[in-house]
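S.K.: If you scroll down you'll find the structure; I have some questions about it.
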Amino acid sequence: MTTGILSAMAQEQAGLGERLDEVRIERYAGREFHVGRWHGREVVLALSRIGKVAAATTAAALIERFGVSRIVFTGVAGGLHPSVRVGDTVVGTEFVQHDMDASPIFPRHEVPLYGRSRFPADAELTGWLAQAAQAVLDDSDLIDETTRQRFGLLQPQRLHHGLIASGDRFVSGAAESAALRASLPEAMAVEMEAAAVAQVCFDHGLAFAAVRNISDRADDTAHVDFDAYIQEVAGIQARALIAALLPLLPP
Ligand code: ADE
């Protein structure tokens, strides 16, 4: 079974592609796909790029060209729910496109002609991903104390499960994140890709799971927090997460 592993940006995959065993790089649809083995598992690593369409293109390529049988998405997100702090991790149980709105023809958030607004995560794959994410959060040596203090990473960093909202906007304003909370009160985090990949996997009957480490609170300083976090923390966490996940997956 080949596992596709996606992140939006290079910092969220921390150069892992080059470290695969027996790696071969294939260029397709303007993207680089690192095909190889790691921890004895067949994997294809790729960057989805940013936004729903780019992510859907990459997911479709993983499925149709590289024959992956499950897709995992890792990366960072903005915290939306009041209980979610910077440094926490959110494992997606469901995914919604917060900017999908074909009302009044279809209810707000419903993806036209699917009769649904939410796409589910695969429970088994999500269980392994959550186990790996918890192991990363429990490793107190992973992020040094100076970096922890700089980002105000409170211990313990917590693992949440719930709805992840995706849309083609970097949410960087208190008013905008408040509006999102009002329209989707149960949403834990906001980012720009997972719901699109979830829809592609749904179309193909493939297992999908996503985990997001919280880089910012999607408020007025989100862009500053995001930039620094992605440089200094995201890569370390991503490498540890993928290393913890692969041994859990059935070969
Ligand atoms: N990814 C990380 N932070 C984000 C934010 N505030 N909005 C959208 N995507 C994000």
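S.K.: Just to check I understand the Karplus step: with θ = phi - 60° and J = 6.51 cos²θ - 1.76 cosθ + 1.60, what whole-Hz values come out for the stretch 50-61, glycine and proline as x?
M.R.: 9, x, 5, 5, 4, 5, 5, 4, 5, 5, 5, 5
S.K.: Separate question: Can you tell me what share of the DSSP beta bridges in the stretch 74-248 is antiparallel? A percent to the nearest 5 is fine.
M.R.: Numbers: 9 of 26 bridges.
Just about 35 percent of them are antiparallel.
S.K.: In deg cm²/dmol, rounded to 500, what helix-only [θ] at 222 nm does the chain give when every DSSP H run of at least 4 residues adds -39500 (n - 2.57) and the total is split over its residues?
M.R.: Roughly -9000 deg cm²/dmol at 222 nm, from the helical runs in the chain.
S.K.: OK, next. By the scheme Lys and Arg +1, Asp and Glu -1, what is the net charge of all other residues having a beta-carbon under 15 Å from that of Met1?
M.R.: Net local charge, Met1 excluded: 0.
S.K.: Still on this model: Can you compute the FRET efficiency between Arg24 and Ser103 using 1/(1 + (r/R0)^6), with r the Cβ-Cβ distance and R0 = 45 Å? Round to the nearest 0.05.
M.R.: Taking R0 as 45 Å, the efficiency between Arg24 and Ser103 is 0.45.
S.K.: Leaving ligands, DNA and RNA out of it, report the carbon-plus-sulfur percent of the accessible area of the chain at a 1.4 Å probe.
M.R.: So the carbon and sulfur contribution to the accessible surface is 53 percent.
S.K.: Using the reciprocal of the averaged 1/r over all distinct C-alpha pairs, how large is the Kirkwood radius of the chain in Å?
M.R.: 17.9
S.K.: Could you give the dipole magnitude of the chain about its Cα centre, charging the beta-carbon of Lys and Arg +1 and that of Asp and Glu -1, in debye to the nearest 20?
M.R.: Taking the Cα centre of the chain as origin, the dipole is about 360 debye.
S.K.: Picking from Thr58, Ala240, Gly92, whose Cα lies most toward the positive end of the charge dipole for the chain (charges on Cβ: Lys, Arg +1; Asp, Glu -1)?
M.R.: Thr58
S.K.: Please work out whether the stretch 60-156 counts as rounded, prolate or oblate from its C-alpha gyration tensor, where a ≥ b ≥ c are the square roots of the eigenvalues and a/c under 1.5 means rounded, while otherwise a/b larger than b/c means prolate and anything else oblate?
M.R.: Note, shape of the stretch 60-156 comes out oblate.
S.K.: Here is a follow-up. Can you check what the net charge comes to around Ile214, using other residues whose Cβ is under 11 Å from the Cβ of Ile214 (Lys, Arg +1; Asp, Glu -1)? Could you put the intermediate results ahead of the total?
M.R.: Working: positive: Arg85, Arg158, Arg212, Arg217; negative: Asp88, Glu191, Asp216, Asp225.
Its environment carries a net charge of 0.
The values are calculated or read from the model by the stated rules, or taken from the named source; none is laboratory data. On a predicted model such as this, the values are computed, not experimentally measured, just so you know. Cβ sites come from the backbone with ideal geometry, for glycine too, and all protein chains shown count toward neighbours. Heavy atoms of the whole protein, side chains included, go into the accessibility calculation; ligands, DNA and RNA do not. Shrake-Rupley method; radii C 1.70, N 1.55, O 1.52, S 1.80 Å.
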